[in-house]
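Visitor: The structure that follows is given in the form of structure tokens.
The values are calculated or read from the model by the stated rules, or taken from the named source; none is laboratory data. Quick caveat, the model's predicted, so the values are computed rather than measured. Glycine gets a Cβ as well: all are built from the backbone with ideal geometry, and neighbour counts include every protein chain shown.
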């Protein structure tokens, strides 16, 4: 069964460093998402991406964040200068379409980012 | 403000027993309501998705109900198994210009099934 994959599973970085989180969505999906979950808190929407551009983003997704689909298979989230409060689990998701009433999103296993 | 609240926050039951988890939401209008299962350290996995016009949906031992008038949903788990130990999260998709990109998440109910 096709699944969303994410790498690395755990990333440790120093405050101020840049990190890139990688995701491979399900191959025939067209819509891609990043979410984050700070330990003990709700999952939070960061950004959605379609047709090589951002379609929606939250207040969390400020200028420190960027997304890219560099090669037609990978979908990346870059944090330019990490802060302690960026420590969280980051989930990638993909969906085939947003036009159906269901718009099922399939989630990857997550990348745990720890900023020291 | 669009919110999703769940109860109880945590629950412990014995293997083989049934349980019901509750979800109240203020998202309006909404497109669909989902229940996800999230194992510790893993990504959420969809259990059920219901549109505003659906009242109930089953997936094996999981049955979700939806009352759009009272803005409440429940997830009933029958004959619980040890592998049901996880966080169960209620998620609502707002109806926004005909699209459903953004999801509003509850905090989840942490379920522990003991032998």
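Visitor: Within region B:78-98, is there a residue that is assigned to a strand (DSSP E or B), more than 13 Å from chain A (Cβ to nearest Cβ), in contact with a helix residue (DSSP H, G or I) (Cβ under 8 Å, 6 or more places away or on another chain) and buried (at least 19 other Cβ atoms within 10 Å of the Cβ)?
Guide: no
Visitor: Within 10 Å of the chain's Cα centre (by Cα), surrounded by 12 or more Cβ atoms within 10 Å (Cβ to Cβ), within 14 Å of chain A (Cβ to nearest Cβ) and without any contact (Cβ under 8 Å) to a residue 24 or more places away in the chain - does that describe any residue in region B:47-62?
Guide: yes
Visitor: Go through A:43, A:12, A:19 for me and flag whichever is under 17 Å from residue A:112 (Cα atoms) and at pLDDT below 95.
Guide: Numbers: A:12 fails: at pLDDT below 95; A:19 fails: at pLDDT below 95.
Only one candidate passes the filter, namely A:43.
Visitor: Whether any residue in region A:33-44 is more than 24 Å from residue B:87 (Cα to Cα), touching a strand residue (DSSP E or B) at 6+ places or on another chain (Cβ under 7 Å) and not in a loop (DSSP other than H, G, I, E, B) is what I want to check. Reasoning before the result, please.
Guide: To start, the set of residues in region A:33-44 that are more than 24 Å from residue B:87 (Cα to Cα) comprises none.
Looking for residues that are more than 24 Å from residue B:87 (Cα to Cα), touching a strand residue (DSSP E or B) at 6+ places or on another chain (Cβ under 7 Å) and not in a loop (DSSP other than H, G, I, E, B), one finds none in region A:33-44, hence no.
Visitor: Sticking with this one: Does at least one position in region A:73-93 carry a residue that is over 23 Å from residue B:32 (Cβ atoms), at pLDDT below 90, away from chain B (no Cβ under 12 Å) and touching a strand residue (DSSP E or B) at 6+ places or on another chain (Cβ under 7 Å)? Talk me through it step by step, then tell me what you get.
Guide: Narrowing region A:73-93 to residues over 23 Å from residue B:32 (Cβ atoms): A:73-90.
Going one step further and asking which of them are at pLDDT below 90, we end up with A:73.
Next, from what is left, pick out any that are away from chain B (no Cβ under 12 Å): A:73.
Pick out the ones that are also touching a strand residue (DSSP E or B) at 6+ places or on another chain (Cβ under 7 Å) and you get A:73.
Among the residues of region A:73-93, at least one is over 23 Å from residue B:32 (Cβ atoms), at pLDDT below 90, away from chain B (no Cβ under 12 Å) and touching a strand residue (DSSP E or B) at 6+ places or on another chain (Cβ under 7 Å), which makes the answer yes.
Visitor: Exactly one condition in (1) within 14 Å of another protein chain (Cβ to nearest Cβ); (2) assigned to a helix (DSSP H, G or I) is false for residue A:59; which is it?
Guide: Condition (2) is where residue A:59 drops out.
Visitor: Hey, among A:104, A:18, A:68, which residue is more than 13 Å from chain B (Cβ to nearest Cβ), surrounded by fewer than 17 Cβ atoms within 10 Å (Cβ to Cβ), without any contact (Cβ under 8 Å) to a residue 40 or more places away in the chain and touching a strand residue (DSSP E or B) at 6+ places or on another chain (Cβ under 8 Å)?
Guide: A:68
Visitor: I'd like the full set of residues that are exposed (fewer than 12 other Cβ atoms within 10 Å of the Cβ) and modelled with pLDDT under 95, limited to region B:4-40.
Guide: B:29, B:40
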